[in-house]
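See below for the structure under consideration.
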Amino acid sequence: MKKPLFFMVILWALVCACMTLWSVAPAHSHTPQRGDAYVTDTAYALPRNSHENRGYSAPQPQHYRDYSANPKRLWENDQSYQRDLNMLVRESAIRQRQYREKAQADISRLEAQRIENTNRHLSSLERLGDSRNTRYTDYSTLASRQNAREADYRARLSQIKSALELQQLREQNDLQKRIIALDDAYARKEPYRSWLAGRNPSR
């Protein structure tokens, strides 16, 4: 009676050992399941093909851009190129500042004119109740004229700001064109021309 019981205990121990070994076997033998030794709750939602490399995603290959497809401009280290480039940028910044100063002066004059018109309107309102005043007959006339002045002020202010924005955009585009022309001029010089021909034989 003891021998069958002993054999059953041994058999049960072998079954438990096999199940334990199966649960910790390499991941390629079965799909990772919750409860595996190498699968945690946070790693349960594995991506596609994650059963390879014991449940961890294989590192993605890095692709590097072909350096010869877009070579660095060798003349960027040239002192004369840096001097010419800085001069272009400085001149563009000066023009941008001049545009802003002119627009600010126009806005200041427009504001002064608006204040003057407002003061004139208030004075007219004060004289409206004077019996000797025969220029205006009612408040609607004064209000309509003041509204027209305000509308003209807003239109002129918007025009000044739009003109400034357009000038700034044009100056930025012109600066980019000047820089491209400067690069082309240096690209035609030696030894940069030979260097570019060697880097890009198809050009």
May I ask you to verify whether residue 184 is modelled with pLDDT under 90, in a helix (DSSP H, G or I) and closer than 30 Å to residue 90 by Cα?
yes
Mind checking which residues of segment 172-187 are out of contact with any Lys or Arg (no Cβ under 7 Å at 6 or more places or on another chain) and either under 16 Å from residue 77 (Cα atoms) or surrounded by fewer than 14 Cβ atoms within 10 Å (Cβ to Cβ) (or both)?
172, 173, 174, 176, 177, 179, 180, 181, 182, 184, 185, 186
Sort out which residues of segment 102-131 are at pLDDT below 90, under 30 Å from residue 166 (Cβ atoms) and of a type in the set (Ser, Thr, Tyr), and write them in order of number.
118
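Quick grid of which residues meet (1) acidic (Asp, Glu); (2) within 20 Å of residue 75 (Cβ to Cβ); (3) assigned to a helix (DSSP H, G or I); (4) at pLDDT below 90:
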{"site": "96", "(1), (2), (3), (4)": "no, no, yes, no"}
{"site": "133", "(1), (2), (3), (4)": "no, no, no, yes"}
{"site": "169", "(1), (2), (3), (4)": "no, no, yes, no"}
{"site": "196", "(1), (2), (3), (4)": "no, yes, yes, yes"}
Tell me, which residue of segment 136-177 that is in contact with a Ser or Thr (Cβ under 8 Å, 6 or more places away or on another chain) and of a type in the set (D, E, K, R) is farthest from residue 84 (Cα to Cα)?
171
Just give me the residues in segment 98-131 being in a helix (DSSP H, G or I) and farther than 23 Å from residue 152 by Cα, in sequence order.
98, 126, 127, 128
Kindly indicate whether residue 90 is among the charged types (D, E, K, R), modelled with pLDDT of 90 or more and loosely packed, with under 14 Cβ neighbours inside 10 Å.
yes
For segment 147-179, the count of residues that are within 16 Å of residue 113 (Cα to Cα) and small (Gly, Ala, Ser) equals 4
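The values are calculated or read from the model by the stated rules, or taken from the named source; none is laboratory data. This structure is a prediction, so every number in the text was calculated from the model and none was measured. Neighbour counts run over all protein chains shown; Cβ positions are idealised from the backbone, glycine included.
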